[in-house]
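Following: one structure in structure tokens, then a few remarks.
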């Protein structure tokens, strides 16, 4: 009974003591995030680097705001697994357990003025009075807005990429069709071959050189003959050898290609058929007009 009365009396006595105050304390939205910024803020508040009067920036114990101040007591050492907070009413420090943090919970001991090395301990949600890194803490309006902005940006990037790929696909398809060209209908081609004429160019080449200089070997290599076969199949030319339809000119590759064992290729383009047909019609119309003029005269 005496012990209970003594405790009550002690509590009343302690509460009656004058509360120590801290000079030049300010509420802030963000604490310094590295040693350089911490020193700048310390200089701004005229804090010292002594054991006492060191610069601090901590959440208050109820996590409603951040406060910076020069702590006029000896800085405490905080054990791992906890974040230090400040109690302005008693000018005291209080450790809060951070085992429910998703990230950033201190895993080594630290001094209270070194909290900048653990940013999660000063990143709070003042509306819901919790640490942002705490798994039970709802997102702040700013973080929620940031999340929405990030989601919107991601969607915009995906849509832009899809649009670019879509346009590139259409352009590629158009270029492919133009490169491939239109086909000439079989009926139209037959009519054209029956009524019109085409010019086919023949190119004559002569390979001249001294005996055994390798003229025949050179010709066989142009025909893609393998080196192994050259030793057995190539015979020296005694007088003159004539080869017909050996090569054709490849416009796409700007070279000549061997056409041995196959007929030469004649290409009919839609423009050639159309232009020659139109030219013939125009000539026929001009002839009919002249004939009609002669009759009238």
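Each residue, residue 240 and residue 33, gets one label point 7 Å from its Cα in the Cβ direction; the gap between the two is 8.9 nm. In this label model, residue 213 and residue 153 are separated by 7.2 nm, measuring between points 7 Å along each Cα→Cβ vector. Ranked by how many other Cβ atoms sit within 10 Å of their own Cβ, fewest first, the residues 30, 132 fall in the order 30, 132.
Computed from the Cα positions only, the extents of segment 17-141 along the three principal axes stand at 36, 30, 26 Å, in decreasing order.
Quote the FRET efficiency, to the nearest 0.05, computed for residue 97 versus residue 135 with a Förster distance R0 of 22 Å and r equal to the Cβ-Cβ distance.
On the way: r = 13 Å, r/R0 = 0.59.
After rounding to 0.05, the efficiency reads 0.95.
All of the numbers you see were taken from the coordinates with simple rules; none came from a lab. Just so you know, these numbers come straight off a predicted model, no measurement behind them. So basically every Cβ, Gly included, is an ideal-geometry build from the backbone, and we count neighbours across all protein chains shown.
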